[in-house]
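K.L.:
Please read through the structure below; I'll follow up with questions.
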Amino acid sequence: MITGDSRQQIVPPTRIRVKAGFVVYSPDSDKRNIVILDEGELAAVNRSGSSPKKVFTMHPGDLVGVASLLEHEPFQYNIEATQDSTITLITEECMESELKTLPVWLLAVIRNLSNKTRKLKEATHKSRSANTLKSLAEFCSHLNPKEYYPTDEILQEFRWQTKIPETVAMEDLKSLCRRKFVRFKTENEIAKVSVLSPFVLQVFVDYLKSVEKNIPWTPFQLSMDQKKMLVKISGLDQTTESDAPTWLKFFSEQGLKVSISDWICAQNFGWFSEISENLFTLDTDKIKYYLAALHFENNIKGVL
């Protein structure tokens with residue numbers, strides 16, 4: 001039962017009126033409060049960088065600071081009034097005095113809800129990709145190589161899709177530039193970026209996928225004879241059709257040591273397509289893929 005004496009110790013919330021521009025809360029403050037917006041508008045502003053960035057806007061009925069107050073989790077943004085507003089502040093003393101009057105089970109429920117809310121918020125800001133470089137390469141592979149795009153806009157769109165931090169995305173973009181997959185230029189004092197070859201970027205993505213799975217990537221496992229075979233067929237007319245013995249005879253006449261095993265491997269690589277019983281023609285797309293992998297091997301591996 002709550003006695004009259006305990007009721008006298010309760011610290012009530014504070015309701016105040018603030019002008020536009022007033023800083024309701026700053027990360028530098030030692031005090032932790034729950035801020036409830038009754039009237040007007042507040043904004044959470046990140047001032048840690050070179051220029052302030054609005055993170056989200058608060059409307060009447062919204063509140064912030066629950067995790068900060070209940071879980072002692074630091075709140076990293078300024079809360080600022082964007083127009084004249086009325087707010088209610090629930091201070092640490094106020095919350096403590098109120099919590100003393102609650103049953104233990106209800107207090108446990110409140111803390112559990114606060115913890116779940118915090119985890120949900122963390123999930124919304126967590127990167128959706130474990131391999132950020134692969135994600136950026138795949139994103140850039142869909143850009144038009146004939147155009148230069150404002151770097152800030154490209155990174156903003158990419159980060160919106162992936163939730164990857166700005167500094168990480170910028171470093172990955174520089175990594176693609178070092179590999180010579182993208183290039184930068186400044187036009188009218190605006191930094192821009194262009195993709196050299198979307199096709200090669202997609203080849204690079206496939207390589208990174210194999211690295212993620214810790215499996216050998218086939219284009220980098222070719223023997224010297226298989227590489228010579230690949231180069232030779234890349235110069236042939238794509239309509240060339242022959243049966244297996246004729247293909248093997250052709251390679252032999254060209255001075256290439258192509259075994260039956262190499263011939264079977266070439267089919268598994270997709271270099272040849274069987275168009276009828278024992279009649280094979282070239283798959284130029286697959287041949288182009290493997291040639292690109294070999295030509296850009298140092299770029300792909302990052303050995304420059």
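K.L.:
What Kirkwood hydrodynamic radius, in Å, does segment 149-288 give when the mean of 1/r is taken over all pairs of distinct Cα atoms and then inverted?
P.N.:
About 18.3 Å, per the Kirkwood formula over Cα pairs.
K.L.:
For segment 230-304, what is the convex hull volume of its Cα atoms per residue in Å³?
P.N.:
Each residue corresponds to 101 Å³ of Cα convex hull volume.
K.L.:
At R0 = 51 Å, how high is the FRET efficiency between Thr14 and Arg183 if r is their beta carbon distance? Nearest 0.05 is fine.
P.N.:
Taking R0 as 51 Å, the efficiency between Thr14 and Arg183 is 0.35.
K.L.:
Let me ask another. Given the pairs Lys232/Lys288; Lys228/Lys249; Lys146/Lys227; Lys163/Lys213; Lys146/Lys232, which are separated by over 20 angstrom at their Cα positions?
P.N.:
Lys146/Lys227; Lys163/Lys213; Lys146/Lys232
K.L.:
Restrict the search to segment 191-233; then list the trypsin sites (Lys or Arg not before Pro) that DSSP places in a loop and that have at most 14 other Cβ atoms within 10 Å of their Cβ.
P.N.:
Of the trypsin sites (Lys or Arg not before Pro), the ones in loops of segment 191-233 whose Cβ has at most 14 other Cβ atoms within 10 Å are Lys213.
K.L.:
How large is the Rg to Rh ratio of segment 215-255 when both quantities use alpha carbon positions and Rh follows Kirkwood?
P.N.:
1.04
K.L.:
Can you give the log10 of the normalised intensity I(q)/I(0) at q = 0.19, 0.22, 0.24 Å⁻¹, computed with Debye over equal Cα scatterers of segment 134-224?
P.N.:
Scattering profile of segment 134-224, log10 relative to I(0): -0.89, -1.12, -1.27.
Bear in mind these aren't lab numbers, they're just calculated from the coordinates by the rules spelled out. Just so it is clear, the model here is predicted, and its values are computed rather than measured. Virtual Cβ from ideal backbone geometry, glycine too; neighbours counted across all protein chains shown.
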